[in-house]
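For reference, the structure discussed in these notes is given below.
Read-outs: derived from the displayed coordinates by stated rules, not from any lab. Owing to the predicted nature of the structure, the values given are computational and were not obtained by experimental measurement. In this analysis, Cβ positions are derived from the backbone assuming ideal geometry, glycine residues included, and neighbour counts consider all displayed protein chains.
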Amino acid sequence: MYGEGCSKTCNNRHCKTPSNTCDHVTGRCPDGCISGFNGDDCLQNCPEGYYGTACSLSCEGRHCSSTSCPADGACGADCEAGWTLQSCTQECPRGKYGIGCNSVCGHCADNITCHHVTGTCPGGCQAGWKLPLCQTVCDNGTFGLNCERDCGHCKGTCDVVDGRCPLGCIEGYNGSHCSEKL
């Protein structure tokens with residue numbers, strides 16, 4: 001209680017000291033506000049983009065998926081895709097991408113890791129794997145880097161990596177890729 005005739009209550013404040021303790025004359029919180037609140041009475045949330053004691057820390061550089069960062073600045077499990085948990089200020093570790101960094105990169109060319117947000121491979125796929133995520137084997141009839149080459153005249157399918165025909169050639173063709181006409 002505080003104020004003239006102790007007619008006002010200290011309850012529902014976000015003081016560092018217990019919520020029912022405030023200055024008996026002014027109503028101010030004696031030790032200031034808990035993280036995320038400000039003002040003499042500790043009833044105001046931090047302005048958009050700020051957090052911490054006296055709202056002195058900026059949320060800039062954090063990649064929380066909510067529209068504002070929380071009172072303690074930790075996003076928890078609420079990061080945008082491609083950013084690590086808690087502070088949301090670091091990209092996913094090598095080989096991971098997406099929300100919560102829970103997705104595994106595909107077979108990127110030259111063993112380069114994929115983009116931490118989208119999972120796409122900046123230099124394309126290793127031979128035998130299909131764009132955009134390099135997680136799917138080439139379709140029947142294609143092989144090589146990014147599955148950009150067409151197979152020869154194989155019995156069955158060609159090898160998705162090098163295009164060779166493991167079961168041999170259909171009649172009228174020969175060579176390891178079954179591309180030479182007899």
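Between C108 and residues 5 or more places away or on another chain, which pairs have amide H atoms under 5 Å apart, with H built 1.01 Å from N, and which residues are they?
Under 5 Å from the amide H of C108: Q126.
Sorted from fewest to most neighbouring beta carbons within 10 Å, what does the list L133, L167 look like?
On the way: L133 20, L167 11.
Ascending Cβ contact count within 10 Å gives the list L167, L133.
Could you give me the ³J(HN,Hα) list for the range 36-50, computed from phi with Karplus coefficients 6.51, -1.76, 1.60 and θ = phi - 60°, whole Hz, x at Gly and Pro?
Those phi angles translate into x, 10, 8, x, 4, 9, 6, 9, 8, 5, 4, x, 3, x, 10 Hz.
Would you please name the GluC sites (Glu not before Pro) within the range 1-62 that are DSSP coil residues with at most 12 other C-beta atoms within 10 Å of their C-beta? Provide the component values of the computation, followed by the final result.
Details: sites: E4, E48, E60; in loops: E48, E60.
Here the GluC sites (Glu not before Pro) that fit, given the DSSP loop and packing criteria, are E48, E60.
Would you compute the Debye intensity of the chain from its alpha-carbon atoms alone, equal scatterers and no solvent, and pass along log10 I(q)/I(0) at q = 0.11, 0.12, 0.17, 0.18 Å⁻¹ to two decimals?
-0.67, -0.73, -0.97, -1.02
Name the residues whose placed amide hydrogens come within less than 5 Å of the amide hydrogen of C64, ignoring near sequence neighbours (fewer than 5 apart) on the same chain.
It is E80, by chain and number.
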